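Asks: Okay, handing you the structure first.
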Amino acid sequence: MRSPEQLDTIRRLNDAARSNPGTASIANVTLGFQSLPDADRFAALAAIVGFSRFDGDNDPYGEHDFGAVYRLATGGWTQERPKDEKMIAETVFWKVDLYDPGLVKVALNGSFC
């Protein structure tokens, strides 16, 4: 179990990585994301960078390390999952994994392996 201080550190690092992709972190994308039209890719990235809708369903451990953004049938992107599935044209899931500067995965207890 992580201490509140460890959890706060992990959350702050994940928030920094998500809000500054490629600057405070190394950003990787899938071919599926890369194949989106430029306008959608940039809009989805903007929604991810600004993501703030963390709750018990998408963030059960409070680490701010996972989420989804949705392209609506009308073309706009949102953090909020529409209640009507027909309103969703595309879903992009994102994930942040915490590594030390040497790209060694962080252990579950928050320490570096």
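Asks: Please work out the Cα convex hull volume for the range 4-95 and give it in Å³ per residue.
Replies: It is 93 Å³ per residue.
Asks: In what order do Asp65, Asp38, Asp8 fall by count of nearby beta-carbon atoms within 10 Å, going from fewest to most?
Replies: Asp38, Asp8, Asp65
Asks: Would any residue of the range 30-71 have its amide N under 20 Å from a label point 7 Å out along Cα→Cβ of Glu5? List them or say none.
Replies: 62-63
Asks: Relative to the longest principal Cα axis of the chain, at what angle does helix 4-19 sit, 0 to 90 degrees, rounded to 10?
Replies: Compared with the principal axis, the helix lies near 40 degrees.
Asks: When the Karplus curve 6.51 cos²θ - 1.76 cosθ + 1.60 is applied with θ = phi - 60°, which whole-Hz ³J(HN,Hα) does each residue of the range 43-59 get, with x for Gly and Pro?
Replies: In residue order, the calculated couplings are 5, 5, 4, 4, 5, 5, 4, x, 4, 9, 8, 7, 8, x, 6, 9, 9 Hz.
Asks: Using θ = phi - 60° and the Karplus curve 6.51 cos²θ - 1.76 cosθ + 1.60, what whole-Hz ³J(HN,Hα) does each residue of the range 32-39 get, with Gly and Pro shown as x?
Replies: x, 5, 4, 7, 4, x, 3, 4
Asks: Rank these for me by crowding, Asp97, Asp55, Asp40, going from fewest to most other beta carbons within 10 Å.
Replies: Ascending Cβ contact count within 10 Å gives the list Asp55, Asp97, Asp40.
Values in this text are rule-based calculations from the coordinates and carry no lab data. Bear in mind that the values here come from a model prediction, so they are computed numbers and not experimental data. Quick reminder, even Gly has a Cβ in these numbers, built from the backbone with ideal geometry, and neighbours come from all protein chains shown.
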